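This report refers to the structure that appears directly beneath it.
The values are calculated or read from the model by the stated rules, or taken from the named source; none is laboratory data. All of these numbers come straight from a predicted model, not from anything done at the bench. Note that we place each Cβ from the backbone using ideal geometry, even for glycine, and neighbour counts take in every protein chain shown. Surface areas here come from the heavy atoms of the whole protein model, side chains and all, with no ligands, DNA or RNA. Shrake-Rupley method; radii C 1.70, N 1.55, O 1.52, S 1.80 Å.
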Amino acid sequence: DRFEVVVHGAVTGGASTVDLSGVEFFSAATLRALFGAADLLHQRGRPLVLLDPQISHVKALALEFLAEHPAVELIGKKSA
């Protein structure tokens, strides 16, 4: 629940990017928070950008669901 409050506050304050580079696991609460942020941004005509989602077996399904949202963009880091 705390994550949802923080994400909602950040999106309400103008943020639209979530750095997922250090995230190893998505819970149902995480998905709910990110979908809520995507919905709010979609209403404002902006995308929710998920930066560097390191794909693991656990996160793959969650990211697949998120990628289906019309306001979600998945962006990986480019190697130098």
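Computed from Cα atoms alone, the Kirkwood hydrodynamic radius reported for the chain is 12.7 Å.
The label-point distance for D52 and F65, in a model that sets each label 7 Å from Cα toward Cβ, rounds to 2.5 nm.
Scanning residues 5 or more positions from E73 or on other chains, those with amide H under 5 Å from its amide H are L48, V49, L50, with H placed 1.01 Å from N in the peptide plane.
Rolling a 1.4 Å probe over the protein heavy atoms gives the chain an accessible area of 64 Å² per residue.
Helix 28-43 and the longest principal axis of the C-alpha atoms of the chain enclose an angle of approximately 50°. Residue ranges 4-14, 39-49 sort as 39-49, 4-14 when ordered by packing (mean number of other C-beta atoms within 10 Å per residue, highest first).
With θ taken as phi - 60° and the Karplus curve 6.51 cos²θ - 1.76 cosθ + 1.60 applied, the whole-hertz 3J(HN,Hα) list for region 11-23 is 5, 4, x, x, 6, 9, 10, 10, 7, 9, 4, x, 8 Hz, x standing for glycine and proline. Taking the C-alpha atoms only, the angle from helix 57-67 to the longest principal axis of the chain is near 40 degrees. Of all the options A62, A28, A38, the one that moves most in a Gaussian network model of the chain with Cα springs shorter than 10 angstrom is A28.
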